[in-house]
1. Out of all the residues in the stretch 74-83, which are in contact with a strand residue (DSSP E or B) (Cβ under 6 Å, 6 or more places away or on another chain) and open to solvent by 50 Å² or more (accessible area, probe 1.4 Å)?
2. Output the number of residues of the stretch 57-73 satisfying the condition of being under 13 Å from residue 31 (Cα atoms) and either surrounded by 15 or more Cβ atoms within 10 Å (Cβ to Cβ) or among the hydrophobic types (A, V, I, L, M, F, W, C) (or both).
3. Out of (1) modelled with pLDDT of 95 or more; (2) open to solvent by 60 Å² or more (accessible area, probe 1.4 Å), the odd one out for residue 30 is which?
4. Run down 44, 53 and say which single residue is modelled with pLDDT under 95, of a type in the set (Lys, Arg) and either more than 21 Å from residue 8 (Cα to Cα) or open to solvent by 30 Å² or more (accessible area, probe 1.4 Å) (or both).
5. Looking only at the stretch 84-113, which residues are open to solvent by 10 Å² or more (accessible area, probe 1.4 Å), hydroxyl-bearing (Ser, Thr, Tyr) and in contact with a Phe, Trp or Tyr (Cβ under 9 Å, 6 or more places away or on another chain)?
6. Taking only the stretch 70-84 into account, find how many residues are outside any loop (DSSP other than H, G, I, E, B) and more than 19 Å from residue 107 (Cα to Cα).
7. Take the conditions under 13 Å from residue 16 (Cα atoms), part of a strand (DSSP E or B) and without any contact (Cβ under 8 Å) to a residue 24 or more places away in the chain and apply them to residue 110. Does it pass?
Amino acid sequence: VQLQASGGGLVQAGGSLGLSCAASGSLFSVNVMGWYRQAPGKQRDLVALINTRGNTNYAGSVKGRFTISRDGANTVYLQMDGLKPEDTAVYYCSLVQQGKNYWGQGTQVTVSS
């Protein structure tokens, strides 16, 4: 399984950015896709998850500002609105299926104050 993320970049505080991630390879019809982020010197933390039924889970710090969605079994999106400087991090796409966790290459999101 390979994950290819795109999007990200530099934005001013209060602005918006969108991320997308496409999975390819041996995909099962049931999986969980999502986004994690890692700021410099910090651990990788959950941002949002969505399963193939459309059920979502958000970190408290992004709830109400970020929206995760997916298109079928292999593409996930993250719409980020109301961005804050503390959202600055490398964002990683994740896919979990059959007990295995796969990661994308990471994409930088920088929010200037």
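The values are calculated or read from the model by the stated rules, or taken from the named source; none is laboratory data. Note that the structure is predicted; figures quoted are calculated from it, not measured. Positions of Cβ are backbone-derived with ideal geometry, glycine not excepted, and every protein chain shown enters the neighbour counts. Remember, those area values only see protein heavy atoms, side chains included, never the ligands or the DNA or RNA. Shrake-Rupley method; radii C 1.70, N 1.55, O 1.52, S 1.80 Å.
1. Once the filter is applied, which keeps residues that are in contact with a strand residue (DSSP E or B) (Cβ under 6 Å, 6 or more places away or on another chain) and open to solvent by 50 Å² or more (accessible area, probe 1.4 Å), the stretch 74-83 yields 74, 77, 79.
2. Let us first name the residues in the stretch 57-73 that are under 13 Å from residue 31 (Cα atoms), namely 70-73.
Filter once more, so that each one left must be either surrounded by 15 or more Cβ atoms within 10 Å (Cβ to Cβ) or among the hydrophobic types (A, V, I, L, M, F, W, C) (or both): 70, 73.
Of the residues in that region, 2 qualify.
3. Of everything listed in (1) modelled with pLDDT of 95 or more; (2) open to solvent by 60 Å² or more (accessible area, probe 1.4 Å), residue 30 misses just condition (1).
4. Step by step, each of 44, 53 is checked, and only 53 is modelled with pLDDT under 95, of a type in the set (Lys, Arg) and either more than 21 Å from residue 8 (Cα to Cα) or open to solvent by 30 Å² or more (accessible area, probe 1.4 Å) (or both).
5. Matches in the stretch 84-113: 92, 107.
6. Total satisfying the criteria: 1.
7. Working: under 13 Å from residue 16 (Cα atoms): yes; part of a strand (DSSP E or B): yes; without any contact (Cβ under 8 Å) to a residue 24 or more places away in the chain: no.
No.
Condition check ((1) touching a helix residue (DSSP H, G or I) at 6+ places or on another chain (Cβ under 9 Å); (2) part of a strand (DSSP E or B); (3) aliphatic (A, V, I, L, M); (4) closer than 22 Å to residue 111 by Cα) across all residues:
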| position | (1), (2), (3), (4) |
| --- | --- |
| 35 | no, yes, no, yes |
| 40 | no, no, no, yes |
| 48 | no, yes, yes, yes |
| 57 | no, yes, no, no |
| 64 | no, no, no, yes |
| 68 | no, yes, yes, yes |
| 86 | no, no, no, yes |
| 91 | no, yes, no, yes |
